[in-house]
Amino acid sequence: MNTKILLSEDQIPRQWYNIIPDMPGPLAPVINPQTLKPITPDDMLAIFPMALIEQEMSPNRWIDIPDEVREIYKLWRPSPLFRAHRLEKALGTPAKIYYKFEGVSPAGSHKPNSAIPQAWYNKQAGIRRLATETGAGQWGSSLALACSLFGLECTVYMVKISCTQKPYRKSMMQLWGAQVIPSPSEFTNAGRAILAHDPECLGSLGIAISEAVEDAATHADTNYALGSVLNHVCLHQTVIGQEAREQMKVAGDYPDVVIACCGGGSNFAGLAFPFIADRAAGKNVRCLAVEPASCPTLTKGVYAFDYGDTAKMAPISMMYTLGHDFMPPGIHAGGLRYHGESPLVSQLHHAGQIEAKAYKQNACFEGALLFARSEGIVPAPESSHAVRAAIDEAVLAKEEGKERTILFGLSGHGQLDMGAYDAYLSGNLEDYEYPEQKIREALERLPKVEL
């Protein structure tokens, strides 16, 4: 059998798949943080173009991808699906392992799948600049790329600990013309308030979101772009799963389990949502979201209304959360250090339609090392969570003496994450325990929403 399963450019999806019509029950309303009432499209116009607001709330199962966006997708899409023959051999497993590799994009991850359309819709709306946040830098570099392609200015608030750990992600953003600001910063009221309370704050995605939202809301020529969590971001990422389904057909196979790392939810949604649609149609397929044990949103959080950011500026959503002011440890999988979860992914988990599992980072890097030494690709620290879970599924198949088809998302490469691998190889990578007391304290400060 072939190692790579490839599609032609004319097989790039022509529509994004919107899972909302196929969700188990109605969606909870999104709440305006100022009024504590359900949000309206007008409330969102200060930071988003109307086209994206319409996608956020659309009841349509399929939404056309603009031709201009598909043309840029051709730079890396369709991405390859690999059969992991060498990993299977290393594990001695009867399982068949496939992985969808998104690290072939110019920014090295799945994030441009949403950055390109977000920049395009904002350009069409006459916006001059986009402000955003980034953790590990994959989203920030992707938006910097998209803004460069469409002639927009870009300001990225990068979580301070990640800015220190991943200097070359910062360099990549600057290469594409973005201004990169370590967060929390002195540039916004939200950042100054955090620094006044904790001058040594490592930063978090919740804080960086607060700064970017404030920046966008206070500048008429600037909008906000988010790399995960929101419905329209999950929507854009479904090109991954749609391609993977077609590639599995070419392989003459179908997964028993679909696995993806999960922080805010865009990567998991991108790969899994098209398969969840199959599940709703009667297919027997499991979908597993994998997260860090130090920021265990789905596995240890509560399903409740919470703010999307630390400064309480972003909308309030029903989601699994650890509390909007929860400060996760400075793990190397910076893209997974978010206190909340996509409302769509959260509802699916709450309804029992998907599974969730959490791993400590040493176990993930152990799996990443085995993968790199067998398949040759260095996984991003975020992706290593999916690698670890796929290996465990394959080992379980071996123990049970059963065949099993495993599909996982390799959401990005780790070639700019060598500091993390150096720490692991030298024995200096720290495992962080679930900070139960801190999370309990954060959960006491959830907003009181009465509908």
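Restricting to segment 1-60, what's the tally of residues that are farther than 26 Å from T218 by Cα and either assigned to a loop (DSSP other than H, G, I, E, B) or out of contact with any Lys or Arg (no Cβ under 6 Å at 6 or more places or on another chain) (or both)?
Counting residues in segment 1-60 that are farther than 26 Å from T218 by Cα and either assigned to a loop (DSSP other than H, G, I, E, B) or out of contact with any Lys or Arg (no Cβ under 6 Å at 6 or more places or on another chain) (or both) gives 29.
Tell me which residues, restricted to segment 408-450, are assigned to a loop (DSSP other than H, G, I, E, B), open to solvent by 40 Å² or more (accessible area, probe 1.4 Å) and closer than 20 Å to I316 by Cβ.
E444, R445, K448, E450
Return the total of residues in segment 172-210 being closer than 17 Å to S109 by Cβ and at pLDDT below 95.
Counting residues in segment 172-210 that are closer than 17 Å to S109 by Cβ and at pLDDT below 95 gives 1.
Within segment 356-381, can you find the residues that are open to solvent by 10 Å² or more (accessible area, probe 1.4 Å) and part of a loop (DSSP other than H, G, I, E, B)?
K360, G376, I377, V378
Among the residues of segment 382-407, which ones are part of a helix (DSSP H, G or I) and within 23 Å of the chain's Cα centre (by Cα)?
Of everything in segment 382-407, those that are part of a helix (DSSP H, G or I) and within 23 Å of the chain's Cα centre (by Cα) turn out to be S383, S384, H385, A386, V387, R388, A389, A390, I391, D392, E393.
Can you name the number of the only condition in (1) among the aromatic types (F, W, Y); (2) open to solvent by 20 Å² or more (accessible area, probe 1.4 Å); (3) not in a strand (DSSP E or B) that F82 fails?
(3)
Of these, G264, G270, G227, which one is modelled with pLDDT under 95 and touching a strand residue (DSSP E or B) at 6+ places or on another chain (Cβ under 8 Å)?
Of G264, G270, G227, the one residue that is modelled with pLDDT under 95 and touching a strand residue (DSSP E or B) at 6+ places or on another chain (Cβ under 8 Å) is G227.
Taking only segment 392-434 into account, find how many residues are out of contact with any Lys or Arg (no Cβ under 9 Å at 6 or more places or on another chain) and over 30 Å from M173 (Cβ atoms).
7
Taking segment 1-55 on its own, how many of its residues are surrounded by 13 or more Cβ atoms within 10 Å (Cβ to Cβ), more than 22 Å from the chain's Cα centre (by Cα) and acidic (D, E)?
1
Are any residues in segment 64-84 basic (K, R) and farther than 19 Å from L52 by Cα, and if so, which ones?
Selection gives K74, R77, R83.
Of all the residues that make up segment 214-254, how many are in a helix (DSSP H, G or I), in contact with a helix residue (DSSP H, G or I) (Cβ under 9 Å, 6 or more places away or on another chain) and under 22 Å from N267 (Cβ atoms)?
Total satisfying the criteria: 15.
Of these, T188, T132, T155, T164, which one is touching a strand residue (DSSP E or B) at 6+ places or on another chain (Cβ under 9 Å) and surrounded by fewer than 19 Cβ atoms within 10 Å (Cβ to Cβ)?
After ruling out the rest, the residue left standing is T164.
Among all residue pairs at least 6 apart or on different chains, which show Cβ distances below 7 Å where the first residue, located in segment 407-429, is closer than 12 Å to A380 by Cα and the second is open to solvent by 20 Å² or more (accessible area, probe 1.4 Å) and part of a loop (DSSP other than H, G, I, E, B)?
The qualifying pairs are L410/I377; H413/I377; H413/V378; G414/V378; Q415/V378; D417/H332; A420/H332.
The values are calculated or read from the model by the stated rules, or taken from the named source; none is laboratory data. Since the model is a prediction, treat every value here as computed from it, not as a measurement. As a convention, Cβ positions derive from the backbone with ideal geometry for all residues, glycine included, and neighbour counts pool all protein chains shown. To get the accessible areas, we keep the full protein, side chains included, count just its heavy atoms, and leave off ligands, DNA and RNA. Shrake-Rupley method; radii C 1.70, N 1.55, O 1.52, S 1.80 Å.
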